[in-house]
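Visitor: Dropping a structure here in structure tokens format, bear with me for questions.
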Amino acid sequence: MYKKNISNIQLAEMLYVSPSTVSGYRTGRRSPSVNELAEIGQILDVSVDFLIGNSDTEKK
């Protein structure tokens, strides 16, 4: 994902969810919780606004 090259499996392990859950996040079939969004942002080193499409800038 993004510049970090983290696979669905790796991200799932970091978030303590299944790889299919992460796949659902990436395809839009599922939505992460606010806490998960914050954690994903930290893992990928991007802002939550970037993750949800409210900003073209990766960082705050």
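The values are calculated or read from the model by the stated rules, or taken from the named source; none is laboratory data. No experiment lies behind these values; they were computed from the predicted model shown. As a convention, Cβ positions derive from the backbone with ideal geometry for all residues, glycine included, and neighbour counts pool all protein chains shown. Areas reflect the complete protein model, heavy atoms only, side chains present, ligands, DNA and RNA absent. Shrake-Rupley method; radii C 1.70, N 1.55, O 1.52, S 1.80 Å.
Visitor: Would you mind calculating the gained length between SER47 and SER33 on full extension (0.36 nm times residue separation, minus the Cα-Cα distance), in nm to one decimal?
Guide: 3.5 nm
Visitor: Please give the peptides 26-35, 10-19, 47-56 ranked by average Cβ packing (other Cβ atoms within 10 Å per residue), highest first, as a rough proxy for protection.
Guide: On the way: 26-35: 10.5, 10-19: 15.2, 47-56: 13.2.
Highest to lowest by the protection proxy: 10-19, 47-56, 26-35.
Visitor: On to the next question. Check which residues have an amide H placed less than 5 Å from SER47's amide H, if you skip close sequence neighbours.
Guide: Hits under the 5 Å cutoff: LYS59, LYS60.
Visitor: Let me ask something additional. Tally up the carbon and sulfur contribution to the accessible surface of the chain as a whole percent, 1.4 Å probe, everything protein left in place.
Guide: The nonpolar share, carbon plus sulfur, comes to 47 percent.
Visitor: Taking the Cα centre of the chain as the origin, how large is its charge dipole in debye, to the nearest 20, when only Lys and Arg (+1) and Asp and Glu (-1) carry charge on their Cβ atoms?
Guide: The dipole of the chain has a size of about 140 debye.
Visitor: If you don't mind, another one. Once the cut-off is 14 Å, how many percent of the Cα-Cα pairs in the chain end up in the long-distance tail?
Guide: Roughly 53 percent, rounded to a whole number.
Visitor: Right, another one. Which value in deg cm²/dmol, rounded to the nearest 500, describes the helix-derived mean residue ellipticity at 222 nm for the chain, given -39,500 (n - 2.57) per DSSP H run of n ≥ 4 and division by the residue count?
Guide: Computed ellipticity for the chain at 222 nm equals -14500 deg cm²/dmol.
Visitor: Tilt of helix 34-44 relative to the longest C-alpha principal axis of the chain, in degrees (0 to 90, nearest 10)?
Guide: The angle comes out at about 80 degrees.
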